[in-house]
Amino acid sequence: MPILQALQEQFSSDQLHIVAINTGEERTAIEAWALRLQLTLMIALDTDLEITSTYHIRGQPQTFVIDRQGVIRAIFFGATDDLRLRAAIEPLL
C-alpha cells in the first residue's frame, strides 16, 4: 500500500485515481489500519463481494490498471513493485 500511496501523491487526481478495495473487514479496522499507515487514498468496502465477483478476484493483493475508457490494461497477482506499476501506468497518462 505504501507504493500505491506514493503514486497517488505523485500524480494529480486528473491523471491517476487509485482505489483500494477491502473485503471482509469492518470499517473501523480498515480506518485504524489506514491511519497507522498514513494512507489518504480512497479505500472502498466490498462488503457484499460484488467487486470481488465482478473482477474475479482470486487472491489478495491483486492490482488492476484500468485506462480512462475502463479497459483493464494490466493485472498484477500478489505483491508488485514500483517499477512494474509505473511501467503499466505511465503510458496511459
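Taking (1) closer than 19 Å to residue 2 by Cβ; (2) touching an Asp or Glu at 6+ places or on another chain (Cβ under 8 Å) in turn, residue 25 satisfies each apart from (2). The set of residues in segment 79-93 being closer than 16 Å to residue 2 by Cβ and surrounded by fewer than 13 Cβ atoms within 10 Å (Cβ to Cβ) consists of 79, 81, 82, 83.
Of all residues in segment 55-77, none that is on the phi > 0 side of the Ramachandran plot has its Cβ atom under 6 Å from the Cβ atom of a residue that is surrounded by 14 or more Cβ atoms within 10 Å (Cβ to Cβ) and modelled with pLDDT of 95 or more, 6 or more apart or on another chain. Scanning segment 33-49 for residues that are among the hydrophobic types (A, V, I, L, M, F, W, C), farther than 21 Å from residue 3 by Cβ and over 15 Å from the mean Cα position of the chain (by Cα) yields one hit, 49.
The values are calculated or read from the model by the stated rules, or taken from the named source; none is laboratory data. Quick caveat, the model's predicted, so the values are computed rather than measured. Every residue, glycine among them, receives a Cβ derived from its backbone with ideal geometry; neighbour counts consider all protein chains shown.
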